[in-house]
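Working notes for the structure below.
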Amino acid sequence: MPESVQSRKEIIDECLAALERGDLETIELACTVHREMAAEIRQLVRMATQLKQDAAASGAGLEPSLVGGSIRQYKVLRELGRGGVGVVYEVHDANLDRKVALKILATHSATRAELQRFRREAMALARTRHPHITAIHDVGVTEQGGPFFVMDLVRGATLDERLKSIGKSRAATLERSDLVPEYGPLERLGIQVELRVVEGEARRPVGAASQPDPPSAARLNSYVTAIVRLGTKVADALDHAHQMSVVHRDVKPGNILIDADGEPHLADFGLAFGVGDDTVTSTRAIRGTPYYMAPEQVNGDHGLIGPRTDVYALGVTLYHALALRPPFQGDSAAVIFTRIEHGSPTRLRALNPSVPSALEAVVMKAMHKQPERRYVSAAALRDDLRAVLEHRPVQARMPGWLRRARVWVSRYPVIATVLTVLLLIAANLLALAIGLAARAGEMTIPLPGGSTLNVSVEQDRTR
């Protein structure tokens, strides 16, 4: 198959898979990046949407629930989540007498891209063993031919869900720089008591006694402390994955699960690839979530995609968690990507004054547009986050005014040129005014406080 035809098919497969997931941003992005295919993509999406609606209306083509049944030794207890082509269940493992999560792919509606993503996620999880990465325990195929894998059951919510809840109730609190009382592991994320409910039971009522932070972290806002701790653990998990030659490529709050003890678990390795894997450079298909994609993902420079791409995404995730908004926003994927490539994020401390300067520098270094100027590894980012917690010096430094000016000029050369011309005109006008005043024999110089100084200038009469 010619390469151009293969790439076109991969792009269409990815868009149809995104439609199944309800990921309209990825479809919009594909239309923006591949303008020559935009009309075709939109037509296929309309047709697929109509077919999906017809199937839903007739009750055909839907994956039946497996609740109450069994898959090998796994008794299906309840459904945890359902997507366009797959379902996640809570199951009981009869052999080991424990509850785990089982993810099954519906073969009747899965595209080749979805099958590849499913296998890729299972293989990536199988290569990693880390307390903050969801572990895989088993793989198999159902009697109906549906592939599945079994992984850790994490009870709780995603960081994205927590941030949305915090954004509604804690925005004002996050502006304070004083220490916020902590009540327990789950509360360290700044969740109000009505959100501190896991499976129907609150962990501790507001106002109950709590253990204070160690002295090394006492000067940090408790919410900021919790986010830095979370970032440290996720960075350590990413470093382990990178050592196992696995690059996640989709680090974001929605893929970080927070369990009942407040511990993070990095999940969804469906876009992961092996370091040095040539398949990442053989496709033009869209990969990632717009808000958290690195510039090299946006501009399609696949040769630069690697561990530092995950470092960038974790930096954006930390920015989002600390500012309660992503650094780059927009009404469409195209706008977001333009800002990722050419824009500058709002200073983190301007959005949340409780963020210390060292932490702001760490986050901005992780988010640098040039991969070579980010942290060399997730381990280096982890070490700087630990240094923030322990109030030690960090590697990162905020750029000085001269460097910021150079960056600004390089990004906005036209505006910089206009300003330079205006300054030169103003300087010439000032020099002309001084010359005219000198010829008139008197020059008035304004002084502080509103007063003026009249200086008489003697003309040279000898000429």
Which count do you get for residues in the range 246-266 that are of a type in the set (Gly, Ala, Ser) and modelled with pLDDT under 90? 2
Restricting the range 298-314 to residues that are out of contact with any Asp or Glu (no Cβ under 7 Å at 6 or more places or on another chain) and over 18 Å from residue 268 (Cα atoms), the one modelled with the highest pLDDT turns out to be 308
Go through (1) modelled with pLDDT under 85; (2) of a type in the set (S, T, N, Q); (3) in a loop (DSSP other than H, G, I, E, B) and name the single condition residue 444 misses. (3)
Considering each residue of the range 121-159, count those that are of a type in the set (D, E, K, R), in contact with an Asp or Glu (Cβ under 9 Å, 6 or more places away or on another chain) and not in a loop (DSSP other than H, G, I, E, B), and give that number. 2
Spot the failing condition for residue 326; the list is (1) at pLDDT 90 or above; (2) buried (at least 23 other Cβ atoms within 10 Å of the Cβ), and only one is missed. (2)
What pairs come up if the first residue lies in the range 298-322 and is assigned by TED's automatic domain parsing to the domain that holds residue 357 and over 20 Å from residue 25 (Cα atoms), the second is modelled with pLDDT of 95 or more and aromatic (Phe, Trp, Tyr), and their beta carbons are under 8 Å apart, counting only those six or more places apart or on different chains? 308/375; 311/375
If a residue has to be under 14 Å from the mean Cα position of the chain (by Cα) and assigned to a loop (DSSP other than H, G, I, E, B) to count, how many in the range 257-267 make the cut? 1
Checking residue 321 against (1) out of contact with any Pro (no Cβ under 8 Å at 6 or more places or on another chain); (2) modelled with pLDDT of 85 or more: exactly one of these is not met. Which one? (1)
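The values are calculated or read from the model by the stated rules, or taken from the named source; none is laboratory data. These numbers were taken from a predicted model, which means no experiment stands behind them. Cβ sites come from the backbone with ideal geometry, for glycine too, and all protein chains shown count toward neighbours.
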